[in-house]
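The values are calculated or read from the model by the stated rules, or taken from the named source; none is laboratory data. All values derive from a computational prediction rather than experimental measurement. Methodologically, a virtual Cβ is constructed for each residue, glycine included, from the backbone with ideal geometry; neighbour enumeration extends over all protein chains shown. Ligands, DNA and RNA are excluded from the accessible area calculation, which covers all protein heavy atoms including side chains. Shrake-Rupley method; radii C 1.70, N 1.55, O 1.52, S 1.80 Å.
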Amino acid sequence: MKPLLAVLNGPNLDRLGKREPGVYGSATLEDLHSALRATASSLGADIIFFQTNHEGELLDKIGELADGGCAGAAINPGAWTHTSVALRDAIAGSGMPFVEVHISNVHKREPFRHHSYTAGVCDGVISGLGQQGYHFALEYLVHQISREKPPRSPEK
Ligand code: DQA
């Protein structure tokens, strides 16, 4: 069975392509999703996408994914990265591996973007590699999931 991965995007990421293109690029969220669909398929994974501007909806979705057997997620929490203990708790409580992705290099930007509430409960963080960061996150997750599979019992 193919593993199911999720790509989660927080506030204002629905406006990719229009929003500060000098910082976030000109590709839209739809462009990103179709490129990620191709990557997931080449990695042998199923993929679902979710974006919201409402924090509670993201918390609900994480719980739903965890209960539904999702194998791991790439998440760009947007500004909630820097504000949300609730999101950190949802990620920590999910039991799923997460990779935090930022399109921009948050460490080159304003000091308030340097702190992440969520990074400490994710396997790792990719920041500043543009939309390519999401693809690297999927690659990592598939690699991790295949390592976690119990070894096959020796043939008799
Ligand atoms: C972002 C960086 C955040 O600081 C910002 O609030 C975003 C996007 C990024 O992808 O670079 O909304 O997560």
* Asked: Averaged per residue, what accessible area in Å² does region 4-148 show with a 1.4 Å probe, protein chains only?
  -> 46
* Structure fact -> Between the Cα axis of helix 132-148 and the main Cα principal axis of the chain, the angle (0 to 90°, nearest 10) is 20
* Ranking by accessible area, most exposed first, for Y24, Y134 with a 1.4 Å probe -> Y24, Y134
* Asked: What angle do you read, to the nearest 10 degrees and between 0 and 90, between the alpha-carbon axis of helix 55-67 and the longest principal axis of the chain?
  -> 10
* Structure fact -> Here, region 1-54 modelled as identical Cα point scatterers in vacuum has Debye log10 I(q)/I(0) at q = 0.29 Å⁻¹ of -1.09
* **Surface share of carbon and sulfur [accessible, 1.4 angstrom probe, percent] for region 4-148** => 50
* Asked: Given only helices, namely DSSP H runs of n ≥ 4 each adding -39500 (n - 2.57), what is the per-residue ellipticity at 222 nm of the chain, to the nearest 500 deg cm²/dmol?
  -> -11500 deg cm²/dmol
* Structure fact -> Expressed to one decimal in nm², the mean projection of the alpha carbon convex hull of region 4-148 is 7.7
* Asked: What number comes out for the charge environment of L36, summing +1 per Lys or Arg and -1 per Asp or Glu over other residues with Cβ under 13 Å away?
  -> -3
* Accessible area in the full protein assembly, largest first, 1.4 Å probe, for M1, M96 -> M1, M96
* To do: Work through the residues other than V99 whose Cβ is under 13 Å from its Cβ and net out their charges, Lys, Arg +1 and Asp, Glu -1.
  => -3
* Asked: Extent of region 33-114 along each principal axis, from alpha carbon coordinates, in Å, largest to smallest?
  -> 39, 26, 21
* Structure fact -> In degrees, nearest 10, the alpha-carbon axis of helix 29-43 is tilted away from the dominant principal axis of the alpha carbons of the chain by 20
